[in-house]
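These notes concern the structure reproduced below.
The values are calculated or read from the model by the stated rules, or taken from the named source; none is laboratory data. Nothing here was measured: the structure is a model prediction, and the numbers come from that model. Because the Cβ atoms are built from the backbone with ideal geometry, glycine has one as well, and the counts that use them run over all protein chains shown. Calculation scope for accessible area: heavy atoms of the full protein, side chains included, ligands and nucleic acids excluded. Shrake-Rupley method; radii C 1.70, N 1.55, O 1.52, S 1.80 Å.
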Amino acid sequence: MSNTLLQALLDGIAIGAVYGLIALGLSLQFGVMKIINFAHGAFMMIAMYVALWATQYLNLHLMLVMPFVVVILFVIGFGTQRVLIEPIMRREIAREPISVLIFSAGLWIFLDNLLLVIAGPDYQAPEGDWAYQVIFIGDLVFTYPQVAGLVTSVLVTLGLVVFIRSTRLGRAIRATGQDREAASVMGIDSSTVFQISFAIGLGVLGVAGVLMLGIMPVDPFIGDFYGLLAFVIVVLGGLGSIGGALIGGILVGIIESVGGQLMPVAYAHALIFALFLGVLYFRPSGLFGLEDS
Amino acid sequence: MSLPKTAGYIAIAALILVLPMILGNYLMSIVILALFYGYLALSWNIIGGIAGQLSLGHAAYFGIGAYCSTALLVHFGISPWLGMIAGAALSGVAALVIGLPCFRLRGPYYALATLAAAVILEVLVQNAHVTLGGPRGLNVPLLRDAPLFFQHTGKLFYYVIIVIFVAAALAINHWVISSRFGYYLTAIKNDQEAAAALGVNAQKYKLKAAVLSGVMTGIGGTFYAQYVLYISPHEALGSALSVQIAVLCIIGGRGTVWGPLLGALLLLPAEEIGRWATGGMPGAAMMLYGALVMVVIRFLPGGLVDLPRLLMRSRTTGESGRAV
C-alpha cells in the first residue's frame, strides 16, 4: 500500500475513533430510550465551546480541562432529560416518540443560535502549539491530538463497555433498553435510568468535544454535520452496541479519509450515506446490533 | 354546510382579497412566504401526517422540482410552467424510488433513511458544477414581467398563485382524509400490522401517498425558484429544509386539514417578528423560533389545532384538563 494511502488509513482510524465516541452517547440514548435526539450535534458543539472557554479562562492545557467539561456536560445532560425531555416522554404513548423528536429539533435550532449569539459566527480554536505538534513513525506523521484522540476514545469505550457489562447500574441500563416494562417490573426505575443514560451520553460527548477541539476549530454550526454523522455511525455499528459505535466510527473515518484520497471528499460523504442506507436496508440491526428493529 | 362554517369561509375569502390591498410589499412578502411554507407543510402532511410516515428527506423532492424547472429554463429556454410539470413528475418518480426500499423500515429507521437519501442527493447536486451550478447554485434568468415564464416584478402575481396552490393543497388533503384511501392510510399509521392483517396493502398505499406528496412538494420547489430567482443545494436540498417542513406540519397539527397551514402561519411570522424584535442580531430570532417550537410541542403535543379544544376543556367543570 502506498504511503499516502497508509497515512490516510491511519488518519481515518484516528478521527474515526473520535467520531465513534460522538456516536457512543447517541447509541446509548437511541438504544435505551428509543428516541431520536436531533440536538446531539448541538450538545457536542457546546462541549467544544465549554472546552474552549475552559482553556481560556482556567488557563489550562486542552487535555487537562477534560474532567471539567465532562462534569459540566453530565450535569447538563441530567438536567435536560429530567426537566425538558421527560415530561414529553411520559405523555407519549410508546411506539413513535415523535414529540421528543420535534422537541429535540427545536432544541437543536435553539442551541445552535444561542451559541451564535454568545460566541459569534467565527471559527475559534484554543491558543498554543500543542495541536500542531507531531510525531514521526517512519514516513508517517501523526499530530498529538490524533494520538490523544485515538487512545482516549479506545479507553473510554472500553471503560464504558466494562461499566455496562459488569456493574449493577450498567445491567439496569441494558435491561431498560431491552424491555422497559419488564425492567420496571423487576424494580428498575426507568425514569432514573433514562436520566443517567442521557447524562452519560453527554458526558462522553464532553470527552469527544475536547478531542474534536484539538482537531478542528469550533463554530456554532459545527454540530449539524457531526450530529447527522453520529446517527449514521449508530446505525452502522448497531443500536445499543457501545463497541459497535466505536467500530462504526472508525469505519466511517476510514471511508472519509481514504475515500477523500480517491475522490472528492463530498463523494466520500455520499458514499458513507449510501453505505448507511445499505446497512439500514439489509441489516437494520447494524454490524454489531443487539436487537431486532 | 353549517352557518358558522359558511361565514368562516366567506371571512377567509374576504381576507384573502383584501390583504394585498392593505399590506405593503414587505408584509406581503411575509404573507407569501408563510403561505408557501404552509403549502409545503400541507404536501408533507399527506405522507407524514395522514399516513404517519416521518419523512425527513422531503427537501429532495423540493430540490428536484426547483432544479428541474430552473435547469430546463437556463439550458433550454423552456418555460418554468412546463418545467414545473416535468419537475413534479420527476419528484414523483423520486418518491417512488426512495419509497420502495425505505418503506420497509419502520419509525425512526425510515426517518433516518429518508434523511440520508436527501443528503446523498444534496451531495451529488453540489458536485454537478456544469449542469446544476454546483455549490454556487443556479440563478434564474431575470425576465422581469413574464407571467408566461412564471415571473413578475410585483408580488401580486406570486400571491395569487400561492393562494391557489394552498387552496388546492387544502382540498387535496380534505379529499384524502375523507376518502377510503385516507382511511387506509390512517389505519397504517395507527398499526401497520393490524391493517395488513385486515388485508390493507400497506406498501402500495404508502407509496401512493409518497408519490402524491412528492409531486406536490416538487411543484412547490418550482414556485420557490421562480419567486426567489436563485437556488442552491444547501437551501433547496438541505436537511434543514426537510426538518423545517416536518416541524411546521407537526407543530400545526399533523394529520389534519388546517393544521399544517396553521403551523406555517404561526411560525413564519413569528420568526420575522423575532428578527424585528431583536434588531437583526444574528441568531436571536432563530433562538426564539427554536424556543417556540419547544414550547408548543411541550404543551400542545397534538399541534396548534388542539388549542381551541384545550381552551374549551379548561372551562368545563369537572374536567381534569389533562392532555391525553
What 222 nm value per residue comes from the helices of the protein assembly as shown, counting each DSSP H run with n ≥ 4 as -39,500 (n - 2.57) and dividing by all residues, nearest 500 deg cm²/dmol? -24000 deg cm²/dmol
Are there any residues in segment A:69-93 with a reduction of at least 50 Å² in accessible surface when going from the isolated chain to the assembly of protein chains? Probe 1.4 Å, please list them by number. A:91
Beyond 28 Å, what share of the Cα-Cα pairs of chain A remains, rounded to the nearest whole percent? 35
Quick one, can you get me the convex hull of the C-alpha atoms of the protein assembly as shown expressed as volume per residue in Å³? 178
What quantity of accessible surface, computed with a 1.4 Å probe and excluding non-protein components, is buried in total between chains B and A, in Å² to the nearest 100? 3700
Quick one: grab the alpha carbon gyration tensor of segment A:75-224, order the square roots of its eigenvalues as a ≥ b ≥ c, and give me rounded if a/c is under 1.5, else prolate or oblate depending on whether a/b is larger than b/c. oblate
Separation between Cα centres of segment A:21-39 and segment B:1-72, rounded to whole Å: 34
Taking only the alpha carbons of chain B, the radius of gyration and the largest Cα-Cα distance, Dmax, both in angstrom, are 20.0, 68
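Over segment A:153-200, with the other protein chains present, what is the accessible area per residue in square angstrom, probe 1.4 angstrom?
Per-residue accessible area for segment A:153-200 comes out at 55 Å².
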Residues of segment A:244-261 with the amide nitrogen closer than 17 Å to a label point 7 Å from the Cα of residue A:161, along Cα-to-Cβ, please. A:244-252
In nm, the gap between the two label points placed 7 Å beyond Cα toward Cβ at residue A:75 and residue A:282 is 4.8
In whole percent, the fraction of accessible protein surface over the protein assembly as shown that belongs to carbon or sulfur atoms, probe radius 1.4 Å, stands at 68
Candidates A:213, A:202, A:24: whichever shows maximal mean-square fluctuation once chain A is modelled as a Gaussian network with Cα springs under 10 Å: A:213
Run the simple label-point estimate for residue A:60 and residue A:3 please: 7 Å along Cα→C-beta, distance reported in nm. 3.9
Return a whole-number percent for the relative contact order of segment A:17-161, with Cα pairs under 8 Å and 6 or more residues apart as the contact set. 31
Given the candidates A:148, A:89, A:268, the one whose Cα lies deepest towards the positive end of the charge dipole of chain A, counting +1 at each Lys or Arg C-beta and -1 at each Asp or Glu C-beta, is A:89
Please give the residues of segment A:1-37, grouped as numeric ranges, whose backbone N is less than 17 Å from a label point set 7 Å along the Cα-to-Cβ vector of residue A:136. A:3-4, A:7
Hey, how many Å between the Cα centroid of segment A:123-185 and the Cα centroid of segment A:45-94? 16
Relative contact order of segment A:210-275 (C-alpha contacts under 8 Å, at least 6 apart) in percent is 18
Chain A: relative contact order in percent, alpha carbon pairs under 8 Å with at least 6 residues between: 39
Between segment A:210-265 and segment B:90-160, what is the separation of their alpha carbon centroids in Å? 26
Rounded to the nearest 10 Å², the 1.4 Å probe accessible area of residue A:151 is 80
I'd like to check one number: the per residue accessible area of segment B:179-324, probe 1.4 Å, reported in Å² as a whole number. 45
Dipole magnitude of chain B about its Cα centre (Cβ charges: Lys, Arg +1; Asp, Glu -1), debye to nearest 20: 580
Measuring from its Cα centre, the protein assembly as shown shows a charge dipole (+1 at each Lys and Arg Cβ, -1 at each Asp and Glu Cβ) which, in debye to the nearest 20, is 1740
